[in-house]
C-alpha cells in the first residue's frame with residue numbers, strides 16, 4: 001500500500017498537478033482553499049482523487065463564513081483571498097467544505113492512523129511546535145499508532161515507543177525556506193518526507209491577475225517564491 005499524504009494546498013493547482021500519481025490512496029489534511037488562485041479547481045481535483053479528506057481552518061472559514069484564526073502576519077492575506085474565494089466558489093463547493101469531517105481514522109496494514117488538520121485536541125486551529133510533549137498525549141487520538149497533521153506548514157516526522165506523528169508540510173505554500181511543494185509518502189510501514197519542484201511562476205502570474213490589493217499580491221508572491229513569511233510592509 002502506497003499512500004500520498006498532502007496538506008495545506010491553498011488553491012495552488014500547479015503544485016497539486018505536479019504530484020506523482022503512482023499511489024494507491026491520496027490523503028488530504030485540509031486547507032484546500034485561500035491564498036491561492038484556483039480554489040474551485042483544487043476542490044474538484046481533491047474530490048475526484050482523494051480517499052480521505054479532513055477540514056482545515058481555511059476550509060471552515062469559507063464554508064461557514066468564520067474567522068480562519070490564522071497567524072497575525074497572514075491575516076490580511078487570508079481576508080483578501082477569502083473574499084475572492086467566496087466570490088468564485090459555487091454553493092456546492094461551499095457545502096462540500098462545510099461537510100468535510102474535522103478528523104478521520106484509517107487502518108492500514110494493521111496500523112491505526114488518526115488524521116486531522118491541526119492537532120488531535122484542537123483539529124482546526126492550534127499551532128503546535130514539533131518539539132511539544134503534547135504530541136504524545138492521548139485524547140482524541142487514543143489508540144492511534146500514527147497521528148497525521150498539517151496546518152503548521154512545517155514538515156516533520158516524530159517517533160516514540162508508542163506512536164509516530166507526521167506532518168507532510170505544505171503542498172501549496174511552503175514556509176520551509178524554499179518554494180518546493182512538500183508532501184509525505186507512507187509505504188511498506190515507513191514514512192518518507194518529500195519535496196518537489198513545480199512551476200511557481202505560473203501560480204505567481206495567476207495571483208497577480210486576481211482582483212486583490214497590490215500589496216497583498218506582492219506578499220503572496222514573495223511567500224511562494226522564497227518559502228518564507230513575507231517581511232512586514
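Can you figure out the FRET efficiency of residue 17 with residue 131, using R₀ = 25 Å and their beta-carbon distance, to the nearest 0.05?
On the way: r = 34 Å, r/R0 = 1.36.
Result of the calculation: an efficiency of 0.15.
Given a Förster distance of 30 Å, report the FRET efficiency between residue 112 and residue 176 from their Cβ-Cβ distance, rounded to the nearest 0.05.
Details: r = 28 Å, r/R0 = 0.95.
With a Förster radius of 30 Å, E is 0.60.
Give me the extension gain from residue 228 to residue 98: residue separation times 0.36 nm, minus the current Cα-Cα distance, reported in nm with one decimal.
Numbers: separation 130, 0.36 × 130 = 46.80 nm, distance 2.98 nm.
That works out to 43.8 nm of additional length.
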Exercise. If you stretched the chain out fully between residue 2 and residue 71, how much longer would it get, using 0.36 nm times the residue separation minus the C-alpha to C-alpha distance?
Worked result: 21.5 nm
Exercise. Which semi-axis lengths, in whole Å and largest first, follow from the square roots of five times the eigenvalues of the Cα gyration tensor of the chain?
Worked result: 27, 18, 18
For this session: Relative to the longest principal axis of the C-alpha atoms of the chain, give the angle of the C-alpha long axis of helix 214-226, reported between 0 and 90° and rounded to the nearest 10°.
Result: 40
For this session: Could you sort 51-63, 112-124, 206-218 so that the peptide with the highest average Cβ count within 10 Å comes first and the rest follow in order?
Result: 51-63, 112-124, 206-218
Exercise. Using alpha carbons only, how many degrees (0 to 90, rounded to 10) separate the axis of helix 39-49 from the longest principal axis of the chain?
Worked result: 30
Problem set entry | Of 110, 143, 172, the one that fluctuates the most in a GNM where the chain has Cα springs shorter than 10 Å | 110
Seminar exercise, completed: Length-normalised contact order of the chain, Cα under 8 Å, at least 6 apart, in percent, tallies to 22
Exercise. Quick one: which of 153-165, 20-32 comes out on top by average Cβ neighbours within 10 Å, and what's the full order, highest first?
Worked result: 20-32, 153-165
Seminar exercise, completed: Summing -39500 (n - 2.57) over every DSSP H run of at least 4 in the chain, dividing by its residue total and rounding to the nearest 500, the 222 nm mean residue ellipticity is -8500 deg cm²/dmol
Exercise. Considering only DSSP beta bridges whose two residues both sit in the stretch 89-152, what percent are antiparallel, to the nearest 5?
Worked result: 70
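Readers should treat all values here as calculations from the given coordinates under stated rules, not as data from a laboratory. Only a predicted model underlies this, so the values are computations on that prediction, with no experimental measurement involved. Positions of Cβ are generated from backbone atoms using ideal geometry, with glycine treated the same way; all protein chains shown enter the neighbour counts.
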